[in-house]
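J.: One structure coming up, written as structure tokens, with questions to follow.
The values are calculated or read from the model by the stated rules, or taken from the named source; none is laboratory data. Remember, predicted model here, so these are calculated numbers, not experimental data. Cβ sites come from the backbone with ideal geometry, for glycine too, and all protein chains shown count toward neighbours.
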């Protein structure tokens with residue numbers, strides 16, 4: 001059995017990656033050891049950048065219709081929230097949507113694109129061979145072998161793909177655990193729930209009338225995450241923490257989770273690649289894990305498709321690790337800080353200085369500039385990649401703003417609508433169609449659009465042309481003050497560096 005890419009793991013990251021590969025025409029199979037979709041949801045949110053990614057592929061409304069939005073999110077459970085609504089995005093909010101729902105919507109899209117998702121199929125062995133990889137698969141029908149050009153591990157913290165690739169996973173072991181529970185019955189008295197929240201218990205309404213409660217119990221925060229949680233433990237802990245068990249009953253899911261923190265030494269080893277929790281593992285602070293995995297998938301998808309398609313310029317696939325590994329490290333550092341802030345208020349000898357530190361940081365979050373910076377980091381909107389060409393414009397590497405426009409030969413009225421097919425976008429903002437003739441040398445890899453009218457945007461003031469990558473980040477930009485001949489040469493160099501040799 002042969003295919004182009006084997007994706008191991010049908011969680012949000014694996015399904016998002018499969019969608020991106022299939023959109024580019026790559027034959028993709030997803031192997032998932034579970035026989036049924038995951039019912040329980042550890043993650044509950046999509047942050048602004050993740051919603052933008054869905055918007056860039058025409059999927060945002062599917063998600064928005066199944067979730068609910070709030071204008072910000074918390075950082076280390078500090079009273080002052082991060083204000084996502086103040087950020088430069090059409091999607092300046094947190095979208096509350098259960099992970100199980102996110103997976104279902106991505107699976108729906110993947111199947112529309114022709115992806116084969118094989119449930120009950122476990123990758124039990126992976127080896128390199130010649131110009132590809134060989135995956136031994138155990139399924140209800142027995143054991144067989146699948147050959148592919150590449151294998152991507154989206155199979156979590158105990159990744160078989162990472163192990164087969166020989167990629168190290170350094171970091172720190174679990175030292176602290178928290179507990180979550182989804183309940184059909186909770187006493188919804190406002191004063192009761194307010195007291196729970198003020199005591200550090202996270203209370204969140206879920207689908208189907210369930211309510212989630214999450215806490216870290218000072219008396220049992222060193223209990224290993226492998227130890228099962230009981231309803232009696234949950235009730236006793238709530239009573240100690242906030243003075244009431246909140247009337248919880250009929251638990252649908254109880255789970256303990258830890259703060260083990262690790263980042264893969266590399267996200268690529270030859271024909272093996274990693275994404276999501278297989279590449280970075282951390283405490284689920286501020287809901288960043290799932291979102292970081294989706295953004296990994298968006299970065300990797302078009303690059304791997306270019307390699308499979310034979311047009312990738314030298315080093316393109318390696319740039320996945322170069323760009324996303326630092327992001328993974330930044331996220332793990334961020335979550336370690338949040339975990340430490342929580343732990344300081346739980347350990348008796350640190351409670352007073354810990355409370356003082358939280359008060360100080362909460363005061364800083366009330367400062368607009370500080371709040372905006374941290375909100376940009378947690379939301380993913382602040383992610384920028386280093387330029388590959390010398391003398392690059394300051395815009396290069398940043399995400400492209402979703403400005404409104406009127407474009408020639410296009411019904412789209414927003415930039416993100418022009419990215420729906422997963423191609424590069426060359427956008428001329430001067431109204432001059434001439435550059436399109438040069439871009440045409442790259443054929444279907446690049447969509448050329450001339451904007452006759454466009455919205456003003458501070459970041460794009462004085463910008464004449466922009467080359468946008470398939471993942472929505474800017475690959476090249478030129479100002480109207482630049483010499484036209486120089487712009488032509490730079491444009492060609494940027495297209496060749498990112499979209500390969502002209503066809």
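J.: Considering region 269-310 alone, what residues qualify as being within 22 Å of residue 24 (Cβ to Cβ), in a loop (DSSP other than H, G, I, E, B) and touching a helix residue (DSSP H, G or I) at 6+ places or on another chain (Cβ under 7 Å)?
T.: If the condition is that a residue be within 22 Å of residue 24 (Cβ to Cβ), in a loop (DSSP other than H, G, I, E, B) and touching a helix residue (DSSP H, G or I) at 6+ places or on another chain (Cβ under 7 Å), then 275, 279 are the ones that fit.
J.: A follow-up question, please. What is the one condition in (1) touching a residue at least 60 places away in the same chain (Cβ under 8 Å); (2) within 30 Å of the chain's Cα centre (by Cα); (3) under 20 Å from residue 309 (Cα atoms) that residue 441 does not satisfy?
T.: (2)
J.: Same structure again: In region 423-437, how many residues are crowded, with 16+ Cβ neighbours inside 10 Å and in a helix (DSSP H, G or I)?
T.: Result for region 423-437: 2.
J.: Of 486, 497, which residue is surrounded by fewer than 19 Cβ atoms within 10 Å (Cβ to Cβ), within 29 Å of the chain's Cα centre (by Cα) and farther than 19 Å from residue 56 by Cα?
T.: 497
J.: With at pLDDT below 95 and either farther than 30 Å from residue 224 by Cα or part of a strand (DSSP E or B) (or both) as the only criterion, which of 128, 149, 138 stands out?
T.: None of the others qualify; the one that does is 128.
J.: Let me ask you something else. Given the condition on the phi > 0 side of the Ramachandran plot and outside any strand (DSSP E or B), answer yes or no: does some residue in region 480-488 qualify?
T.: Taking every residue of region 480-488 in turn, none turns out to be on the phi > 0 side of the Ramachandran plot and outside any strand (DSSP E or B).
J.: Give just the number: which of (1) assigned to a helix (DSSP H, G or I); (2) assigned by TED's automatic domain parsing to the domain that holds residue 51 does residue 346 not satisfy?
T.: Unmet condition: (1).
J.: Now for a separate question. When you check residue 90 against the structure, is it closer than 26 Å to residue 382 by Cβ and at pLDDT 95 or above, yes or no?
T.: yes
J.: What number of residues within region 353-371 are touching a residue at least 12 places away in the same chain (Cβ under 8 Å) and in contact with a helix residue (DSSP H, G or I) (Cβ under 8 Å, 6 or more places away or on another chain)?
T.: Summing the residues that are touching a residue at least 12 places away in the same chain (Cβ under 8 Å) and in contact with a helix residue (DSSP H, G or I) (Cβ under 8 Å, 6 or more places away or on another chain) in region 353-371 gives 7.
J.: Please go through (1) touching a residue at least 24 places away in the same chain (Cβ under 8 Å); (2) over 18 Å from residue 465 (Cβ atoms); (3) surrounded by fewer than 21 Cβ atoms within 10 Å (Cβ to Cβ) for residue 383 and return the number of the only condition it doesn't satisfy.
T.: Among (1) touching a residue at least 24 places away in the same chain (Cβ under 8 Å); (2) over 18 Å from residue 465 (Cβ atoms); (3) surrounded by fewer than 21 Cβ atoms within 10 Å (Cβ to Cβ), the lone unmet condition for residue 383 is (3).
J.: Which one of 110, 123, 100 is over 23 Å from residue 416 (Cα atoms), crowded, with 23+ Cβ neighbours inside 10 Å and in contact with a helix residue (DSSP H, G or I) (Cβ under 9 Å, 6 or more places away or on another chain)?
T.: Testing whether each residue is over 23 Å from residue 416 (Cα atoms), crowded, with 23+ Cβ neighbours inside 10 Å and in contact with a helix residue (DSSP H, G or I) (Cβ under 9 Å, 6 or more places away or on another chain) leaves just 123.
J.: If a residue must be under 20 Å from residue 395 (Cβ atoms) and in a helix (DSSP H, G or I), how many such residues does region 439-456 contain?
T.: Matching residues across region 439-456 total 1.
J.: Evaluate the following for residue 316: is it touching a strand residue (DSSP E or B) at 6+ places or on another chain (Cβ under 8 Å), at pLDDT 95 or above and surrounded by 14 or more Cβ atoms within 10 Å (Cβ to Cβ)?
T.: no
J.: Would it be correct to say that residue 113 is closer than 21 Å to residue 378 by Cβ, in contact with a strand residue (DSSP E or B) (Cβ under 9 Å, 6 or more places away or on another chain) and modelled with pLDDT of 95 or more?
T.: Answer is no for this residue.
J.: Within region 18-71, track down each residue that is free of Cβ contacts under 8 Å to residues at least 12 places away in the same chain and surrounded by fewer than 24 Cβ atoms within 10 Å (Cβ to Cβ).
T.: 61, 65
J.: Something else now. So, residue 399, is that one within 30 Å of residue 61 (Cα to Cα) and either in contact (Cβ under 8 Å) with a residue 40 or more places away in the chain or touching a helix residue (DSSP H, G or I) at 6+ places or on another chain (Cβ under 8 Å) (or both) or not?
T.: Yes; evaluated as a whole, the condition is true for this residue.
J.: If the requirement is being part of a strand (DSSP E or B), surrounded by fewer than 24 Cβ atoms within 10 Å (Cβ to Cβ), under 20 Å from the mean Cα position of the chain (by Cα) and modelled with pLDDT of 95 or more, which of these qualifies: 262, 252, 329?
T.: 262
J.: Output the number of the condition that residue 328 fails; it satisfies all remaining conditions of (1) over 20 Å from residue 283 (Cβ atoms); (2) touching a strand residue (DSSP E or B) at 6+ places or on another chain (Cβ under 8 Å).
T.: If we test residue 328 against (1) over 20 Å from residue 283 (Cβ atoms); (2) touching a strand residue (DSSP E or B) at 6+ places or on another chain (Cβ under 8 Å), just (1) comes out false.
J.: Restricting to region 402-412, and then to whatever is surrounded by 14 or more Cβ atoms within 10 Å (Cβ to Cβ) and without any contact (Cβ under 8 Å) to a residue 40 or more places away in the chain, can you tell me which residue is farthest from residue 384 (Cα to Cα)?
T.: 410
Conditions (1) free of Cβ contacts under 8 Å to residues at least 24 places away in the same chain; (2) crowded, with 22+ Cβ neighbours inside 10 Å; (3) outside the structural domain of residue 49 (by TED's automatic domain parsing); (4) under 30 Å from residue 468 (Cα atoms), marked per residue:
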{"position": "233", "(1), (2), (3), (4)": "no, no, yes, no"}
{"position": "240", "(1), (2), (3), (4)": "yes, no, yes, no"}
{"position": "244", "(1), (2), (3), (4)": "no, no, yes, no"}
{"position": "268", "(1), (2), (3), (4)": "no, yes, no, yes"}
{"position": "280", "(1), (2), (3), (4)": "no, yes, no, yes"}
{"position": "291", "(1), (2), (3), (4)": "no, yes, no, yes"}
